[in-house]
Amino acid sequence: MPHSYQKVVSRIKALPKQYHLLELGNIKINSSKFLFYVITVPSLSPQAPNILLCAGIHGDEPAGIEALLFFLEHSIGQYRRSFSFTIFPCLNPSGYDAGTRENNRGIDLNRNFLSKNIELETRLVRDFMKKKNQKYLFAWEMHEDNHRESESGYTLRDNLRVFYIYTVSPKNDVAREVIRTLKINKISVTKRRMVYGESCSNGIILNNNTSVSSLRKGTFDEEMRKYTS
């Protein structure tokens, strides 16, 4: 289902001025133009660690975009004493506008970071992070299971309608805290022990270097690993 990226831009531009809005580029596809943004929100404490939050690399997964916009509009203030934030609210503007997983050129941006023919959206993100070379305490990329289409190699019944999280931290401390908080707020977490071929415990999948997770080479989560432990 298509959405209006222009409405996303309007909400971004209406944010408080102390939130730094940076236009990284103008993506031109046919007759359409999409401004590409990153938002940095400095902490009130100069020594505060940095957090990276991202959503919408697949255009048919709008929930994460809405979550980040809501967070920026209503909730981020209570965390600014403890953290600084870098936020990509929508990594695939043309796909979001069209309601498609891929961008308007038919490219899955979340498999594009190692491509020889890198898309502009991917390059803008990669170059920004490389130039800034910021180290993040915590990096989070939001996704959403499609309730209308099955994942490759799976049936529609395999698609989850409840929360689960991939983590690369062996301690799983942040992931466990996320799960605990969700349950307190009565948000459903999966009880499945296998999710898309990977072991899942209490809603947490440890994304290590197994043959299954190696399929994620060229994804944004692999790119994020360069900048966080």
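The values are calculated or read from the model by the stated rules, or taken from the named source; none is laboratory data. Being a predicted model, the structure only gives us computed values, none of them experimental. For neighbour counting, all protein chains shown are included, and Cβ atoms are generated from backbone atoms with ideal geometry for every residue, glycine included. Heavy atoms of the whole protein, side chains included, go into the accessibility calculation; ligands, DNA and RNA do not. Shrake-Rupley method; radii C 1.70, N 1.55, O 1.52, S 1.80 Å.
Would you mind checking the pairs LYS191/LYS226; LYS7/LYS186; LYS171/LYS226; LYS7/LYS28; LYS116/LYS217 and listing those with alpha carbons more than 23 angstrom apart?
Pairs exceeding 23 Å: LYS191/LYS226; LYS7/LYS186.
Using the charge dipole of the chain (Lys, Arg: +1 at Cβ; Asp, Glu: -1 at Cβ; taken about the Cα centre), state which of TYR79, PHE36, ASN117 has its Cα farthest towards the positive end.
Toward the positive end, the furthest listed residue is TYR79.
Rounded, prolate or oblate: pick one for region 42-127, where a ≥ b ≥ c are the square roots of the eigenvalues of its C-alpha gyration tensor, a/c under 1.5 means rounded, and failing that, prolate if a/b is larger than b/c, else oblate.
oblate
At 1.4 Å probe size, put LYS13, LYS132, LYS7, LYS186 in order of accessible surface, largest to smallest.
Highest to lowest solvent-accessible surface, that is LYS186, LYS7, LYS13, LYS132.
Does region 74-170 classify as rounded, prolate or oblate by the C-alpha gyration tensor (a ≥ b ≥ c root eigenvalues; a/c under 1.5 gives rounded; else a/b over b/c gives prolate, otherwise oblate)?
In terms of gyration-tensor shape, oblate.
Would you mind telling me the share, in percent, of accessible area of region 1-131 contributed by carbon and sulfur at probe 1.4 angstrom?
Taking all protein chains in place, region 1-131 shows 50 percent carbon and sulfur surface.
For region 1-60, report the % of Cα-Cα distances exceeding 20 Å.
Value for region 1-60 (Cα pairs over 20 Å): 37 percent.
Kindly list the residues of region 154-168 that lie in the label zone of SER188, defined by a backbone N under 19 Å from the point 7 Å along the Cα-to-C-beta vector.
155-166
Of the candidates ALA14, ALA67, ALA139, which one comes out as most mobile in a Gaussian network treatment of the chain with C-alpha springs shorter than 10 Å?
ALA14
Any idea of TYR164's accessible area? Nearest 10 Å², probe 1.4 Å.
Spelled out: TYR164, probe radius 1.4 Å, area about 50 Å².
Which of rounded, prolate, oblate describes the chain, given a ≥ b ≥ c as roots of the alpha-carbon gyration tensor eigenvalues and a/c under 1.5 marking rounded, otherwise prolate only if a/b is larger than b/c?
Rounded is the answer for the chain, as its axis ratio a/c remains below 1.5.
Give me the net charge for the shell around VAL125: Cβ to Cβ below 15 angstrom, other residues only, Lys and Arg +1, Asp and Glu -1.
My count for the surroundings of VAL125 gives -1.
By DSSP, what percent of the beta bridges with both residues in the chain are antiparallel, rounded to the nearest 5?
50 percent
In Å², and per residue, what accessible area does the chain have when probed at 1.4 Å with the other protein chains present?
On a per-residue basis, 57 Å².
Express in nm, to one decimal, how much length is gained between GLU144 and GLU66 on full extension, taking 0.36 nm for each residue of separation and deducting their alpha carbon distance.
26.9 nm
What trypsin sites (Lys or Arg not before Pro) in region 14-107 are in a loop by DSSP, with at most 10 other Cβ atoms within 10 Å of the Cβ?
The qualifying sites are LYS17, ARG81.
Taking the Cα of ASN117, stepping 7 Å toward and past its beta carbon, and measuring to each backbone N in region 96-110: which are under 18 Å?
Inside the label zone: 102-110.
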